[in-house]
Amino acid sequence: MHGLSDPRIDPVRTSVTRVEVPTDLMTAKVYISVMGGEAAERLALQALKGASGRIQELVGREVELRHTPILTFLLDVQFRKTIEILA
């Protein structure tokens, strides 16, 4: 989050809740949670999808792999349901 300057991605309200990577390490599903309602979720998700190439570049600098995984950003509805149940 620190390498991005898109105002639609609020690092205080946006969290990566989990990442699923298959054994071939070629792709990664990045699940996010955004506080602030559906409009904030849509904006953050659009921004992350638009910045996926830049984020992959930043990940490639930090993780030593032969290939940097192709990132797919998804809303973590499971996390939202858990919060609703706890409330």
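The values are calculated or read from the model by the stated rules, or taken from the named source; none is laboratory data. Just so it is clear, the structure is predicted and the values come from calculations on it, not from any experiment. Cβ atoms come from the backbone with ideal geometry, glycine included; neighbour counts cover every protein chain shown.
Just one of the numbered conditions (1) aliphatic (A, V, I, L, M); (2) touching a helix residue (DSSP H, G or I) at 6+ places or on another chain (Cβ under 7 Å); (3) modelled with pLDDT under 90 is not true of Val77: (2). Each residue in segment 35-55 was checked for being surrounded by 15 or more Cβ atoms within 10 Å (Cβ to Cβ) and in contact (Cβ under 8 Å) with a residue 40 or more places away in the chain, and 3 pass.
Number of residues in segment 74-86 that are within 20 Å of Pro22 (Cα to Cα) and assigned to a helix (DSSP H, G or I): the value is 1.
Being surrounded by 10 or more Cβ atoms within 10 Å (Cβ to Cβ) and in a strand (DSSP E or B) narrows it down to one of Leu71, Leu58, so name that one. Exactly one residue qualifies, and that residue is Leu71. Filtering segment 9-22 for residues that are surrounded by 13 or more Cβ atoms within 10 Å (Cβ to Cβ), within 21 Å of Ile83 (Cα to Cα) and acidic (Asp, Glu) leaves a non-empty set.
Only residues that are over 20 Å from His67 (Cα atoms) and without any contact (Cβ under 8 Å) to a residue 24 or more places away in the chain were counted in segment 1-34, giving 8. I'd like the full set of residues that are over 19 Å from Ser15 (Cβ atoms) and charged (D, E, K, R), limited to segment 62-87. Glu64, Arg66, listed by residue number.
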